[in-house]
Structures are given as C-alpha cells and as structure tokens.
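Here's the structure we're looking at; comments come further down.
Quick note: the coordinates plus some simple rules give every number you see, no bench work behind them. Worth saying up front: this structure is predicted, and the values here are computed from it rather than measured. Positions of Cβ are backbone-derived with ideal geometry, glycine not excepted, and every protein chain shown enters the neighbour counts.
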Amino acid sequence: MKKKLKIMFVFISVVILALLLAWIIPLINPAKKVQTNNIQTIPVNYTNLASELSKNSMIKTIPDNAVLLLKFYNFNSGEREWEKSYILRKGKVTEGEEKADITLTLDSKYLKELTNNNFCSIIKLAKKNGDLGFETSLSTTSMLWKFKGMMKYKDCFGI
C-alpha cells in the first residue's frame, strides 16, 4: 500500500512539474508574432519602456495580486552591472524595485531591438541566447495557480 502511494505521489509531482514548466517557459521565451497591421511600431528605450509595456496585452493579463520585476543588466565592465528595474503589475509598469512573485533579468542589449510590438519575440530570443534569468520564491503549484490566466502567453517563455 505504501509503495502505491509513493508511486502515485511521484507521478502527481511529475505531472505538476511538467505543467509548471509548460507554463513558465513560454513566459520566458517570445513566441507568437504580433500582428502589426495598422499598428505603429515604436522603438522602446528606458524613456518610454514603462508607458509602452503598460499597453502590452501580456502585462494587462497579470493577475491583480501579482508582482513581477523586470531587471536590466549589462556586462560592459566584464562583470554584471544592474541598470534599471521595472515593477510590472496588471496593466501598469513603473520604474523601481520591490519584492516580486517572479523576477526576470534581461541583458539590456535587447533594448536596441525592442519595440511596442515585439516584447514576446525579444523575450524568446533572450531566453534562447541565455540572456534571460528567471527567479521565484513560489512553489511550482502556487505559481501555476496564481498565473493560470496568463497561460495563453506560455509560448513567450518557451513553455
């Protein structure tokens, strides 16, 4: 009886982990191409990043009780140097730093390519190149449950 319970526990754990990975990886990788018909492409930089990302559909679907942190860095001196940090909440992006459910770190070299239409693609590219970091203190189950409404963006993170 105990052996069956252990096997069931391992199986359920593996399924939960697979679901979590399927959800998180798309958040880290950009996937879907954004249709840009009749949408003006605006280059994004530190000056307009908060206002442009606030309009992004992915940012608008962040749960009400969730906080994400997007931190930019560079290696210009040979060591990681932090540049700017942005707090992402449902439909709102502000410069700053605070405790977050998920922290994404991104090499600032991707700002040169970032526009109001390609956030998902840039995230995917950075993940593919090893320039995207992901940290959370949430368990896999908690994270999947909290961010279940964002599953349609899982392709962005390679999940």
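Couple of notes before you dig in:
- Residue 98 paired with residue 128, simple spin-label distance in nm, labels 7 Å along Cα-to-beta-carbon: 3.5
- You can think of it this way: the chain between residue 41 and residue 145 has 34.1 nm of extra reach, that is 0.36 nm per residue less the Cα-Cα gap.
- Bridging of residue 148 to aspartates and glutamates at a Cα separation below 15 Å is possible for 64, 101, once same-chain residues fewer than 8 apart are set aside.
- Summed residue charge, Cβ within 9 Å of residue 54's Cβ, Lys/Arg positive, Asp/Glu negative: +2
- Cut-off under 5 Å, modelled amide H: who pairs with residue 73 long-range: 83, 106, 107, 108
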